[in-house]
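The values are calculated or read from the model by the stated rules, or taken from the named source; none is laboratory data. These numbers were taken from a predicted model, which means no experiment stands behind them. Cβ placement follows ideal geometry from the backbone for every residue including glycine, while neighbour counts extend to all protein chains displayed. Side chains included, ligands, DNA and RNA excluded: accessible areas come from the protein's heavy atoms. Shrake-Rupley method; radii C 1.70, N 1.55, O 1.52, S 1.80 Å.
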Amino acid sequence: MNSAEQHNASDDSEVPAEEFRAAAAYAADPSAPRNLNRQAGLEQLRQKALALPDSPGVYLMKDADERIIYVGKAKILPRRVSGYFQKNQPSARIGLMLSKVADFDFMVTATEKESLILENRLIKKHRPQFNVILRDDKTYPSLKLSLSEEYPRLEVVRRPARDGSIIFGPFPSAGAMRDTVRSALRLFPLRQCRRPDVKNVGRPCLNYQMGRCVGPCRPEMGPEEYARLTEQVRLFFQGRGHELLNGLHADMKAAAERYDFEEAARLRDRLNNIRKTLERQVVEQAGGRDLDVFGFHRQDGLLEGSILMVRAGAVSGCLPLESSAGGGEAESPEAALSLLSQYYGADNFVPDEILWPGELADDERETLEDWLGAMKGRSVKIFLPQRGDKVKLLDMARDNARAALEDRLSRIGHNRGVMVELKARLNLEKAPRRLECFDLAHLQGQNATAGLVVMEDCEWKKSDYRRFRIKSARGGDDYGGLREVVARRFSHEDWPRPDLLLLDGGRGQLHAAEAAFEDLGLDPPPLAAIAKIRQEGDIDRIFLPGRKNPADLKAGSAGLLLLARLRDEAHRYVGAYHRRLQSKTFLESPLLAAPGLGPAKRKRLLDHFGSLEKLAGASDQEVLAVIHLQADGLALLRQSLERWRPGGPGPGDEEPAEPDVAASYV
C-alpha cells in the first residue's frame, strides 16, 4: 500500500463538494496543464522530503497560512514523507490534502516509540483537519485507593498519577460510578475527609456519628485495623468476592471467640450485605486478568469503535469510541489504530492485555506494546485471539460498536431533519451546524456574569464553552452586559463563527447584539432570540431581527425544542458559575478585603459593634474610637463595607474581571 494511503482524513461532511470534486480530478490527473505550478511545488516538497534524515520522527503538513493540517509519524522519514508527493495519488481525499499543503516541518526522534508518543501529543494539541480524531477524547473517571497515605481513602480521579495507588476503572458512566462509591462506602466505611493529619482532630466528624466512617481519627483506631478494611475494599473492586467473604467470615469468628460480640455482629451484617451485592452481579470470566477488548464497525462511510473492559476477569463496562473518520479513511486499519493511541494517550487505564480485531505488523505491535508497557510499568500484550472465550469477547465488542453506529446514524438522520427545519423557518442561507447561545445572570446587580454554550451537529461542544465577568456594563443592565460580551466574544477572530447565534430574551437583546456588531464593524451571523410569551401560556417563541412577529416554529416542533434545549443549557451553565461567585461573596467578610486590618483590629471591631450591619452604619468617629486607622485605610474599609452591603455595587464592578476561560466538563 502506498504510504500516503495509510493516512487519515477528517469527516466527509466537513469538505465542500466543489473542493472534493476538484481534488478528485487532481488525484485522477495531477499532471494536467492547469496544475503545472502546483506540480512544480510538489516536486520541490518531494526533494525536501528525500533530504530528510534516515531516522524515525514526526512530520507536520502545513497550509499556506502556516496552519498544521496533518500530523503523522514515520519509521524512516524520507521514505514516508516523499510517498505523499508521487504523481499518482490513491484517493480524492489525499489529493485534497495535498492541494492545501504548502510546506512541512519534521521532528527527529530516537525511537519509533518516541515518535508515536509525540504524534499523539501533537494531534491532541493541534487537532489537524486531515487526522482521524477521537470525537470524545475525554479521560473517563476512575477510582483511586491512595495507598501512599497511612489511612487511605477512595477518591475519583480522571488522570491517575503513577504513585503506587490502586486504580479501579475506568467507568463509562460517572453517575453509575458515584452510585458504586456510595454503595462501597456503606459496606466499607473508609474515611472521606481530606485532612493530611488524620489524628490531629479534637473529635470525630459527623460521618462517624452516622456510622459512615470507622473513625481513624479516634485514638483507639490503629493503622493495622484500618489496613484490613482497605484490603477488603481492594478485593471487592477487583472482583475477588470469595476471598473477601472468607476473610470476613474468619474475622467474625475470631471476634466471637474473644467475646467481642458487637464487633462480630457488625462483621456479620457487612458479610451479609456484601454477599447480597455480589449475588446481584452478572460477570463473565476471562482468566482473572485485566483486558481491553476493541471492536469496530464501518457503515455508510463512518467508523465506530467500542472498548469492552474486563477487570479481574469480570466484564465491567463498555466505552464508545466515536471517530471523525469518513469515506475511504473509515475503511483504513490505520484509522482504528489512531483511536487506540489517542485513547491511551489521554491517560486512561492500561490493562495487562489488549484484544485487537486484526493482525498487526510485528514492528507496529512491538512499538505499541513498548509504549503502553512504559506507561503501565510492566509488559502489555496486544494480540488477536483465535479461539475460546476471548473470541466471544471480540464478537461482543463488535456487536456493541455496531449498535452504537446504528444509533449514531439514526441521530444523524434526525439531526439533519431538525437543521433543515431551522433553515426553512428562520430563513437561513444554509442548514446550521454550529449554534451558540448567550445567557446572563446576576443578583440585584452583584456578580454580573454571562455564559456562552456551543452545539455542533446537535451535540454539546463543551471545550468551546466560555464564561465572562461583566466588566463595563453596570450590574443589572442586561442589554449593556449582552452588548459587552457579544463584542468580547466576536473580537476573537480565531474562534469559529456560528451559523446561528441565539440569545435568551426578546427584541431588546437582539438590538443589543446588533449594536455590538456595529461597534466592531462586523457583519453579524444569523441572530435569533428565544423568550416565553405569558399571554400564550408560557410558550417559547423565536424572534428574528427586522420582524415584528415571531418565527413560524410551532410548539412541540423538533426545531423549537432544540433551541429551547440550547437556551436551558446556557441558563444552567451561567447559573452554576454565578452561584459559585455569589457563594464566595456571601462567605467573604468585607473586613478581610480591607487592607491594613489585622486579626486583632477585626476582632475589636466585631466585639464592639456586634455585627457587620452595625459597623457599616457607624460613623468614622465611632470606628476611630475603637481602632486607629489612617485616612486612606478608613476609606478602603468604607469601600469594602459598601460593596458588601446588600444592594450595593457588586465586587465585579470595581475588581478586575476573570479572564475568559474554556469550560471544563460540568
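Computed values, structure above
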quantity: Approximate spin-label separation residue 50-residue 193, in nm, with each point projected 7 Å along Cα-to-Cβ; calculated: 7.3
quantity: Which listed pairs, of 144/462; 430/461; 253/376; 199/376; 144/381; 125/381, have C-alpha distances above 30 Å, in listed order; calculated: 253/376; 199/376
quantity: Rounded FRET efficiency, nearest 0.05, which uses the C-beta distance separating residue 245 from residue 207 and R0 of 30 Å; calculated: 0.70
quantity: Around residue 290: net Lys/Arg minus Asp/Glu count, Cβ-Cβ under 12 Å; calculated: +2
quantity: Carbon/sulfur fraction of accessible area - the stretch 350-473, other protein chains in place, 1.4 Å, %; calculated: 45
quantity: Label-point separation, residue 259 to residue 346 (7 Å along Cα→Cβ), nm; calculated: 6.0
quantity: Inter-probe distance in nm under a simple model that places probes 7 Å from Cα toward Cβ, at residue 378 and residue 572; calculated: 4.1
quantity: Gyration tensor verdict on the stretch 484-626 (Cα atoms; rounded if a/c is under 1.5, prolate if a/b is larger than b/c, oblate otherwise); calculated: prolate
quantity: Charge dipole (debye, nearest 20) of the stretch 388-546; +1 at Cβ of Lys and Arg, -1 at Cβ of Asp and Glu; calculated: 300
quantity: Order by protection proxy (mean Cβ within 10 Å, highest first), peptides 243-252, 53-62; calculated: 53-62, 243-252
quantity: Set of lysines near residue 75 by C-alpha distance (under 18 Å), chain-local residues within fewer than 8 positions excluded; calculated: 48, 113
quantity: Ranked packing of 422-430, 94-102, most packed first, by mean Cβ within 10 Å; calculated: 94-102, 422-430
quantity: Rounded if a/c under 1.5, otherwise prolate or oblate - the stretch 298-443, Cα gyration tensor axes; calculated: prolate
quantity: Length added when fully stretched, residue 361-residue 424, from 0.36 nm per residue minus Cα-Cα; calculated: 17.5 nm
